[in-house]
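Here's the structure we're looking at; comments come further down.
No lab work stands behind these numbers, since they all come straight from the coordinates. Every value quoted in this text rests on a predicted model; they were computed, and no experiment measured them. With ideal geometry, Cβ positions are generated from the backbone for all residues, glycine too; neighbour counts draw on all protein chains shown.
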Amino acid sequence: MDTENLTYEQARDELVDTVRKLESGQVPLEDALKLWERGEALAKHCQNFLDAAKTRLDAATGENVSTPQ
């Protein structure tokens, strides 16, 4: 399943579940590698959402906006 159509909450919840499975130690190596790759994609997707939200908040509050000299 591709991550681009997931909401932040969906991606975060799937990431939490993925980490839980990996931490259990009960996953065969090949499945663990696939889970790790999925987790990396989900983490990147979540980070993109958070970065975009920060940018919007900074713009709304006037923070980190460069002013011409």
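Relative contact order of the chain: 36 percent, from C-alpha pairs under 8 Å at least 6 residues apart in sequence.
Fraction of C-alpha pairs exceeding 11 angstrom in the range 1-44: 62 percent, rounded to a whole number. Among 40, 30, 14, the largest mean-square fluctuation in a Gaussian network model of the chain (Cα springs under 10 Å) belongs to 30. The alpha-carbon of residue 34 sits under 20 angstrom from the alpha-carbons of these aspartates and glutamates, leaving out residues fewer than 8 places away in its chain: 2, 4, 13, 14, 17, 23. Within the shell defined by Cβ-Cβ distances under 14 Å, the residues around residue 16 carry a net charge of -1, with Lys and Arg each +1 and Asp and Glu each -1.
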